[in-house]
Amino acid sequence: MVNYFEHRGHITRHQGKESSFAEINASVVQGSVVGPTSFVVVASDLHTLYSSNMLMKYADDSYLLVGSNHIATASEEFKHITIWARANNLRLNPSKTKELIVFKSRIRHVLPPASPIISGAERVSSLRVLGVVISSDLGISAHLDQVLSSCASSMYALRVLRSHGLQPQMLHKVTKMTTIASLMYASPAWWGYSSANDCARIDQLLRKLKRSGFCQKRLQMPRPWLMKLMIASFSQFFWIQTTSCESIFLRQAYKL
């Protein structure tokens, strides 16, 4: 393992010309088996300054959750993350630093600040977190817009497969493994926030699949029993996404 991480370098070859050898002394090797594990080790010492805040880490993305009663600590927490990244030869990606204000109720009793709490962050009304679009009102309409659009595109592929002679039984399996699986991706995390209109849109897609013969008539869409997320206890909170950007650091290292 030591030999694997030591003396790594990069050489660029273009139009018959080859650059000099550049040694890479930082970052995680992307595409490797040990890449995710090594990053977990690197990020293991990154914690919040205040116990009232939460920091969720996945790969090279970090999500900082700050409650409405502790908004004053948001800038300090972000500065702490920036210092940690610099100490670990990483740089935050400004273009991927987003700030999302989430309101528990549809009625906003308190107006949000006019400018972002985090200096340099972009204020957004929705944020894509691990494939799920989270809106400021905790609704899933924006998420369904993207998912249903993707499912509509996959139906064209199903028609092509059927036109090439794919048998109905196999076509039903392909539909369940692609279109239905895409629709229900991470459903335990968002189904509890769906409205009656959202459920109607999902049922409409299911009926269309049945009419087209892409799935069995008796197929019923599952209705996961969900508990509210812990973040719903906040009257409003700040969800700030940052990226520790090992990938960007590596791209700069490639420019020899």
Filter the range 30-79 for residues that are farther than 27 Å from VAL133 by Cα, in a helix (DSSP H, G or I) and free of Cβ contacts under 8 Å to residues at least 40 places away in the same chain; the one that is least open to solvent (accessible area, probe 1.4 Å) is SER38
Among residues of the range 103-123 being at pLDDT below 80 and either of a type in the set (Lys, Arg) or closer than 19 Å to ALA189 by Cα (or both), the residue surrounded by the fewest Cβ atoms within 10 Å (Cβ to Cβ) is ARG106
The residue from LEU171, LEU144, LEU148, LEU158 that alone is farther than 17 Å from SER212 by Cα, out of contact with any strand residue (DSSP E or B) (no Cβ under 7 Å at 6 or more places or on another chain), in contact (Cβ under 8 Å) with a residue 40 or more places away in the chain and not aromatic (Phe, Trp, Tyr) is LEU144
Exactly one of LEU166, LEU100, LEU127 is more than 27 Å from SER187 (Cα to Cα), at pLDDT 85 or above and of a type outside the set (Gly, Ala, Ser), and that one is LEU166
Pairing a residue in the range 207-218 that is more than 10 Å from HIS172 (Cβ to Cβ) with any residue that is outside any helix (DSSP H, G or I), where Cβ atoms lie under 6 Å and the two sit 6 or more apart in sequence or on different chains, gives LYS210/LYS217
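The values are calculated or read from the model by the stated rules, or taken from the named source; none is laboratory data. What you see is a predicted model; the values in this text were computed from it and never measured. Cβ atoms come from the backbone with ideal geometry, glycine included; neighbour counts cover every protein chain shown. The area values use the complete protein model at the heavy-atom level, side chains included, leaving out ligands, DNA and RNA. Shrake-Rupley method; radii C 1.70, N 1.55, O 1.52, S 1.80 Å.
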